[in-house]
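Take a look at the structure set out below.
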Amino acid sequence: MKKRRLPLFPFITLALACAGVFYVRSLPEFERNLTGWLTAVIPLLWLILNLLWFLIAPRFPWRRKLIGLSAVLLLAFGLKAAVRVEGTVDGTGLPNFTWKWSPPQQASLSAPESTPTASIREDDPRLARAVDVPQFFGPNRDGVVPDVKLAQDWKSAPPKELWRQPIGTGWSAFAVVKGRAYTQEQRGEEELVSCYDLLTGTLLWAHADKVRFSQWQSGDGPHATPTVDSGRVYAYGGTGLLNCLDTTTGQPIWQRSVLAENKLENLEWGISASPLIVDDKVIVTGGSTRGSVLFAYHRETGAPLWQAGDDQATYASPMLATLAGRRVIVGNYARALTAHDPATGAVVLEHVWGIEKWPKASQPVVLGADRIFLSAGYGMGCQMIQIKAEADGKLSATELWSSMKMKTQFNSPALHGGHLYGLDDGRLACLDIATGERLWKEGRFASGQSLLVGDVILIQNESGPVHLAAAKQEGFKELGSIPALSSKTWNHPTLSGHFLLVRNDREAACYELP
């Protein structure tokens, strides 16, 4: 009897699959989200190819083929019946599979039955060490915390945990004004704008709306951060509800349903841009429907004032800037970076950049009076543009340089001493703003967030811990870390003076930093 040789096809394709995975993971500027997906897809393709080969190859009898195919189908249906998707593993977007009979990874909090009546102790001397952070991404929406100096030795003087407690789902950060910390969260079928005591974590009040945003990758709940101004808090929910509430009591003053009123589709991962206050206006972005992309409402009454632009909104927040001597609202949209006149919304600059179909979540960095640094993930990289005033009153943009040396995804970099510090594909990097040269890239923080505080950087790792690093062009130096949180964290940290507020979709905590 002739002895059959071992089949070559499975071994050849296995070698090619291993080579493919090795090649993808060895590319120096290939992003971790694409790397993760290809690393998962290549073995799956190997399995599919070998199943097809098994069914087609004449060396196997039909009886064996039917048994093998039946076993594969039975296994597939069994896994479908036994496994559920619970969010993503991390910022790469890969699904997180878990058994259907296992309990949810996070307990669903119920909304408060009534509005709490607690109040803060305004005579607490520790409040003198707090600083107002009334909006997203620092007091000036640029990722820089001014006038705060932190100790650089956390071993001899470690941060002190003041409080820790469960919180509803969502990726909002905190805004802090006069000892009150405002955020947004999802509890059951209610989306909350909530107010906590900065020093104790006591829930002072919560305003609830019967709405819920949910998407399998981004999870449940709101993503934007409230903005506080003149005794009012403005909060933009995951489904497009814009609330104006009293800062002390949480009582509603007015509400607009921005997406519904303007017949706009929501973004795939939900509204994420935080409101911007400019003069007598509250400014918010729109949805994924092409057309007007920026909307202004009267901050006292909620009356619509103007809508402007011709684009699709994305996940970055609008910001106020002065470019080439002109005061403008800057918006980083799906197709272009756009500058608007604050009074009318008229477009005075439109700079097309990046890839329209991929999300832009990073804040533009305004450098002086005439330059803007743009960055994103998903193969877009970064670029520096120069702004010039034109004779017709509009602005124009010229690209100075572009690079793949800062791929920020969810992170937004900040400027210090002629260098930008931010997470390049999950690793802290230092970029020379004059040339675009990356001086160094170290650490592993995944889809985390960062804040620049003087000459140090606070980094919230995606897995939860907070790290302290030096902001030096000479190289990366970690100065300390604390196990602040212990699960996936996409929320920006907020530093109010020496009080660090951190949260994710499960818990919130406050640390006093030395």
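Flag: Gly179 does not match the condition of being more than 20 Å from Asp229 (Cα to Cα), surrounded by 18 or more Cβ atoms within 10 Å (Cβ to Cβ) and either of a type in the set (Gly, Ala, Ser) or not assigned by TED's automatic domain parsing to the domain that holds Leu242 (or both). Counting residues in region 295-307 that are buried (at least 21 other Cβ atoms within 10 Å of the Cβ), touching a Ser or Thr at 6+ places or on another chain (Cβ under 6 Å) and not assigned by TED's automatic domain parsing to the domain that holds Val352 gives zero. Selection of region 186-212 for residues being without any contact (Cβ under 8 Å) to a residue 60 or more places away in the chain and crowded, with 24+ Cβ neighbours inside 10 Å yields Gln186, Glu191, Val193, Ser194, Cys195.
Quick grid of which residues meet (1) free of Cβ contacts under 8 Å to residues at least 12 places away in the same chain; (2) within 30 Å of Arg506 (Cβ to Cβ); (3) basic (Lys, Arg):
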position	(1), (2), (3)
Leu55	no, no, no
Leu74	yes, no, no
Thr92	no, yes, no
Thr98	no, yes, no
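Screening region 426-450 for residues that are surrounded by fewer than 16 Cβ atoms within 10 Å (Cβ to Cβ) and among the charged types (D, E, K, R) and picking the one that is farthest from Phe373 (Cα to Cα) gives Arg444. Could you tell me whether any residue of region 392-400 is under 20 Å from the mean Cα position of the chain (by Cα) and crowded, with 18+ Cβ neighbours inside 10 Å? Within region 392-400, none of the residues are under 20 Å from the mean Cα position of the chain (by Cα) and crowded, with 18+ Cβ neighbours inside 10 Å.
Residues are listed down the side, and each one gets a yes or a no for (1) surrounded by fewer than 12 Cβ atoms within 10 Å (Cβ to Cβ); (2) over 30 Å from Thr494 (Cα atoms):
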{"residue": "Leu45", "(1), (2)": "no, yes"}
{"residue": "Leu49", "(1), (2)": "no, yes"}
{"residue": "Leu52", "(1), (2)": "yes, yes"}
{"residue": "Phe60", "(1), (2)": "no, yes"}
{"residue": "Leu79", "(1), (2)": "yes, yes"}
{"residue": "Leu127", "(1), (2)": "no, no"}
{"residue": "Pro134", "(1), (2)": "no, no"}
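Only residues that are under 44 Å from the mean Cα position of the chain (by Cα) and not in a helix (DSSP H, G or I) were counted across region 12-70, and they come to 5. Within region 362-392, the set of residues being at pLDDT 95 or above, touching a Ser or Thr at 6+ places or on another chain (Cβ under 7 Å) and aliphatic (A, V, I, L, M) comprises Ala376, Ile385.
Every residue, every condition in (1) at negative phi; (2) touching a Gly at 6+ places or on another chain (Cβ under 7 Å); (3) surrounded by fewer than 21 Cβ atoms within 10 Å (Cβ to Cβ), yes or no:
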{"site": "Leu245", "(1), (2), (3)": "yes, no, no"}
{"site": "Pro252", "(1), (2), (3)": "yes, no, yes"}
{"site": "Ser257", "(1), (2), (3)": "yes, yes, yes"}
{"site": "Asn266", "(1), (2), (3)": "yes, yes, yes"}
{"site": "Ser272", "(1), (2), (3)": "yes, no, no"}
{"site": "Ala313", "(1), (2), (3)": "yes, yes, no"}
{"site": "Val328", "(1), (2), (3)": "yes, no, no"}
{"site": "Ile355", "(1), (2), (3)": "yes, yes, yes"}
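When we screen Ser114, Ser108, Ser119, Ser172 for residues that are at negative phi and at pLDDT 95 or above, the only hit is Ser172. Would you mind stating whether Leu245 is assigned to a loop (DSSP other than H, G, I, E, B), modelled with pLDDT of 95 or more, among the hydrophobic types (A, V, I, L, M, F, W, C) and over 20 Å from Asp505 (Cα atoms)? So Leu245 does not fit the description; no. Can you tell me how many residues within region 354-401 are assigned to a loop (DSSP other than H, G, I, E, B), among the aliphatic types (A, V, I, L, M) and over 17 Å from His419 (Cα atoms)? Going through region 354-401 one residue at a time, the tally reaches 4. What do you reckon, is Arg444 among the basic types (Lys, Arg) and closer than 18 Å to Val133 by Cα? In short, no. Note on region 406-417: among residues that are at pLDDT 95 or above and not hydroxyl-bearing (Ser, Thr, Tyr), the one that is farthest from the chain's Cα centre (by Cα) is His416. Screening region 264-286 for residues that are over 23 Å from Glu300 (Cα atoms) and among the acidic types (Asp, Glu) and picking the one that is farthest from the chain's Cα centre (by Cα) gives Glu265.
The values are calculated or read from the model by the stated rules, or taken from the named source; none is laboratory data. From a predicted model like this one, the values you see are computed outputs, not experimental measurements. Cβ: placed from backbone, ideal geometry, glycine included. Neighbour counts: every protein chain shown.
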